[in-house]
Amino acid sequence: MKKTVTVSIPVYNGEKFILDSLQSIANQTVKVDKIIICDNQSNDNTVGKINKFINDHKDYNIELFISKKNLGYIKNFKKCYELAKTDYLIILHVDDLLKTDTVEKQLNFFSDHPDFSIVGGKGDRIDSMRNIVLQHEKTQDLLFSKNEIYEFIKATASYIPFSTVMYNLKLTNDVPFFEEESLGPDELYWPKLLKIHPIAIFGESVIDNRIHKGQAHVQNAISKFDENILHLKKKLNKADLENTVERRFKTKKVIKKQIAKISIRFGKDVFKYHKNFKFSFKYFIFGIRQFPGIIFSKYFYKMIADTMYLLK
């Protein structure tokens with residue numbers, strides 16, 4: 001029996017990018033069975049553009065769900081997951097684009113590896129005008145067996161570009177999707193999934209990941225500083241999934257270094273987009289306290305150099 005594929009898009013005020021995102025689905029070398037769009041009470045022309053796309057693509061099975069109230073972005077993502085009655089699912093950020101052969105490659109992978117719960121990949125970076133900012137070279141695919149949590153976190157920082165992931169719902173339904181209110185809830189979800197099922201990441205880019213100042217982590221970097229810090233600390237909970245004290249210790253050390261890098265990157269972004277030195281400094285200090293050795297790394301001095309460049 002043919003396996004079914006759904007692509008879901010959670011969206012709030014996405015009029016600038018929604019048509020690009022939808023068109024990237026329509027351009028797939030393997031046609032998807034369904035497109036689900038969950039609008040989170042947009043107050044711009046997002047819904048109007050979606051309805052026009054639906055009218056222009058009547059050969060596609062497209063459903064638009066509009067929330068009665070704004071659910072918040074995590075609950076809207078969960079809604080995308082829960083509405084999908086399919087074998088395989090991709091949840092695509094409204095500002096990201098699928099490469100034309102992404103669905104085909106991922107379906108081929110699952111055909112050969114039916115015991116894997118997810119397969120993700122890399123994401124090339126583009127700006128708001130679709131200019132290429134960063135293009136990844138192809139590397140070796142990463143396949144992680146059940147319980148290889150330390151190996152996964154060390155190799156990936158528990159980060160998989162969210163829009164790259166195709167879910168094998170037969171297996172991922174074993175783990176509640178995004179149960180925690182958290183900064184980067186996907187980074188907590190992958191290790192929980194790996195606790196009971198293997199996961200894979202392609203060594204090549206399968207999306208164009210759009211970077212722009214309208215992204216939530218940039219907009220909320222100052223207004224939700226205390227909440228962001230709390231959620232960064234929660235990332236240490238991933239170490240508790242390990243089976244032994246030795247592996248928990250090793251994993252916690254790796255996570256602390258990753259928390260430091262994320263916090264310092266936030267500090268750089270706060271200065272870049274908000275020109276707020278106070279909160280930029282606070283993020284840098286928190287990062288250093290989590291992992292003092294970060295100050296001897298190339299990454300730290302690159303972030304310092306990038307921040308200082310913005311002072312010119």
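The values are calculated or read from the model by the stated rules, or taken from the named source; none is laboratory data. Just so we're clear, the structure is a prediction, and the values are computed from it rather than from any experiment. All Cβ positions, glycine included, derive from the backbone under ideal geometry; neighbour counts span all protein chains shown.
Summary table
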quantity	calculated
Only listed residue being assigned by TED's automatic domain parsing to the domain that holds Phe178 and either without any contact (Cβ under 8 Å) to a residue 12 or more places away in the chain or β-branched (Val, Ile, Thr) (or both), chosen from Lys69, Lys58	Lys58
Which listed residue, of Leu134, Leu107, Leu143, Leu97, is surrounded by 14 or more Cβ atoms within 10 Å (Cβ to Cβ) and either touching an Asp or Glu at 6+ places or on another chain (Cβ under 7 Å) or among the small types (Gly, Ala, Ser) (or both)	Leu97
Test: residue in region 134-149 that is under 30 Å from Ile222 (Cα atoms), touching a residue at least 60 places away in the same chain (Cβ under 8 Å) and in contact with a Lys or Arg (Cβ under 9 Å, 6 or more places away or on another chain)	yes
Residue match in region 141-156 (condition: under 18 Å from Val7 (Cβ atoms) and among the hydrophobic types (A, V, I, L, M, F, W, C))	no
Given (1) modelled with pLDDT of 95 or more; (2) more than 22 Å from Asn209 (Cα to Cα), number of the condition Leu71 does not satisfy	(1)
Failed item, numbered, when Ser158 is tested on (1) part of a loop (DSSP other than H, G, I, E, B); (2) surrounded by 17 or more Cβ atoms within 10 Å (Cβ to Cβ); (3) at pLDDT 95 or above	(3)
Some residue of region 88-105 being in contact with a Gly (Cβ under 7 Å, 6 or more places away or on another chain) and of a type outside the set (D, E, K, R)	yes
Of residues in region 247-292 being modelled with pLDDT of 90 or more and β-branched (Val, Ile, Thr), the one surrounded by the fewest Cβ atoms within 10 Å (Cβ to Cβ)	Ile285
Filtered residue count, region 267-282, keeping only those that are over 10 Å from Ile222 (Cβ atoms) and either among the charged types (D, E, K, R) or touching a residue at least 40 places away in the same chain (Cβ under 8 Å) (or both)	5
Boolean, Val119 is in a loop (DSSP other than H, G, I, E, B), closer than 30 Å to Lys257 by Cα, aliphatic (A, V, I, L, M) and in contact with a helix residue (DSSP H, G or I) (Cβ under 9 Å, 6 or more places away or on another chain)	no
Flag if Ser117 is buried (at least 17 other Cβ atoms within 10 Å of the Cβ) and either in contact with a strand residue (DSSP E or B) (Cβ under 7 Å, 6 or more places away or on another chain) or in the same structural domain as Val175 (by TED's automatic domain parsing) (or both)	yes
Filter pass, Phe110 being assigned by TED's automatic domain parsing to the domain that holds Ile25, in contact with a Lys or Arg (Cβ under 9 Å, 6 or more places away or on another chain) and not in a strand (DSSP E or B)	yes
Restricting region 122-131 to residues that are in a loop (DSSP other than H, G, I, E, B) and in contact with an Asp or Glu (Cβ under 9 Å, 6 or more places away or on another chain), the residue that is nearest to Ile207 (Cα to Cα)	Arg130
